Amino acid sequence: MSKSKKIAILAYSGGLDSTISIDWIKKNYGFDVITLTVDLGNGDLSQDLIDRAKSAGAIDCIQIDVSEEFIDNFVFPSLKAGAIYENQYLLATALGRPLIAQKLVETARKFNAVAVAHGCTGKGNDQVRLDLAIKTLSFENPLLIIAPAREGKMTRDEEKKYAQKLNIQLPGVGERIYSIDRNLWGIAIEGEDLEDPWTIPPDDAYIITKSPSDAPEEPMDLIISFDSGNPVSLNGEFLNPVDLVRNLNEIAGEHGIGRIDHIENRLVGIKSREVYETPGATVLNISLRALEKSILTKEQLRIKSYLSQQYADLVYDGKWFSGLRENLDAFVNSSMKYVSGEVRIRLFKGNALVNGLKSQYSLYNYDLATYSEEDKFNHHSATGFIDIFSLPSQLQRYKQPPDNS
């Protein structure tokens, strides 16, 4: 490591953007580059990534597995909050960015680096998420943020030519390349023919989900157990969070669950066509929402529904390290206190439908809900309730008749 040169820590995935960024930073800033690969649960750590980074000019390569931290401290809090951006996006990429930013800052401090870098473009959401988190976490001793794709304004084709000039072999360069971000909670797929919203996503765009038409002809029932909103077991087997999500991804993906294709409002003000794969996340979200509906009151559910949208916007906008997120977590954790029980969910050709619930804390009471001879609901009390409940409407209609009366 050169003592005379300053150091930049580069978030490194091994793809086109981050690989050419190594050479770009060296040439445009004169910094030594140390790459940081953060594994969010996909087994992204490999000697091949190290060799590729060093062949591009990195002086050192750091690899860390943070999959447990990612699921425990970022994913499950979001799951419990019911955070879904625009009722479609389960925020896989958005949840991973603050953790990557945190590790970038920690690594920069460890190596006395003056800068951190990433491969985000100038019109995506991730530049905001990463930069905001980095600035927040390094406020007292600010780090320079370098974004070669944004600063160099290179098109995808120009990036491919840059890689060819470096004589570095990258998977897929010269062929159709989708922009893919993948972690254990889901996959985001962009680019190429997906940029035309009229084009049906081709089969080769998907990675972990089968087409529903090719999914098994027989449905599969799963039983998922939750403890205070946290999933803890699958079909009676207690699993650590990482293994539980990984197993669900495999099972649900086989049944074509979790394909999302929608037009999304990006943080930077444009609309984009987004394709996602979130098989395990979809199953867990549907299951937990059904369970909490049987346990929380109507008022709790309404407030939580509103706060879920605030939580989703906050995560999407990159404001994870904010006091508001901590405030929302306090409410969510309180509301999840009694959300424990079992959910049976059926997977069949792209659909996931809950067909059974069981919880000792459920507010569903058979004796009050049944119309059988075991009915214990006091029907006579309904008359007085209706009189009082309808009184405001009666008085208003009498005192303030509508214009067409």
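FYI, it's all coordinate maths here, none of it is from the lab. Predicted model, so just to flag it, every value in this text is computed and none were measured. Cβ sites come from the backbone with ideal geometry, for glycine too, and all protein chains shown count toward neighbours.
Odds and ends about this structure:
- The range 113-129 - phi-based ³J(HN,Hα) in whole Hz, Karplus 6.51/-1.76/1.60, Gly and Pro as x: 6, 9, 8, 10, 9, 8, x, 6, 7, x, 10, x, 6, 5, 4, 5, 4
- Kirkwood estimate for the chain, i.e. one over the average of 1/r between Cα atoms, Å: 23.7 Å
- Against the compact-protein benchmark of 2.2 N^0.38 Å, the Cα-based radius of gyration of the range 7-177 scales to 1.03.
- Once the Cα atoms are used to define both axes, helix 279-295 deviates from the longest principal axis of the chain by about 30 degrees.
- Here the range 173-280 is treated as a Stokes sphere of Kirkwood radius computed over C-alpha pairs; at 37 °C and 0.692 mPa s its diffusion coefficient rounds to 211 µm²/s.
- Across the range 141-154, rounded Karplus estimates of 3J(HN,Hα) from the backbone phi angles (6.51 cos²θ - 1.76 cosθ + 1.60, θ = phi - 60°) give 9, x, 9, 5, 10, 10, 9, x, 5, 7, 6, x, 6, 7 Hz, Gly and Pro being marked x.
- Spin-label pair S334-Q164: with each label point 7 Å from Cα along the Cα-Cβ axis, the two points sit 6.1 nm from one another.
- Cα long-axis angle, helix 381-399 against the chain (0 to 90 degrees, to the nearest 10): 80 degrees
- Within the chain, longest stretch clear of exposed trypsin sites (Lys or Arg not before Pro) (DSSP loop, no more than 10 other Cβ within 10 Å): 154-375
- C-alpha long axis of helix 241-254 to longest principal axis of the chain, angle in °: 80 degrees
- Comparing T121, T37, T383 in a Gaussian network model of the chain, where Cα atoms under 10 Å apart are tied by springs, the biggest mean-square fluctuation is seen for T383.
- For the range 300-383, chymotrypsin sites (Phe, Trp or Tyr not before Pro) meeting the loop criterion (DSSP other than H, G, I, E, B) and having at most 13 other Cβ atoms within 10 Å: Y361, Y364, Y371, F377.
- Cross-link check: pairs K6/K103; K26/K103; K27/K123; K210/K337 evaluated at a Cα-Cα cut-off of 27 Å; pairs beyond the cut-off: K210/K337.
- Cα pair distances exceeding 21 angstrom across the range 182-358, given as percent: 56 percent
- What the phi angles of the range 178-188 give under the Karplus curve with 6.51, -1.76 and 1.60, with θ = phi - 60°, is a coupling list of 8, 7, 10, 10, 10, 9, 5, 8, x, 10, 10 Hz, glycine and proline written as x.
- Stretchable slack from D203 to V268, in nm (0.36 nm times residue separation minus alpha-carbon distance): 20.5 nm
- In the range 68-152, the GluC sites (Glu not before Pro) that fall in loop regions by DSSP, at most 15 other Cβ within 10 Å: E86, E140
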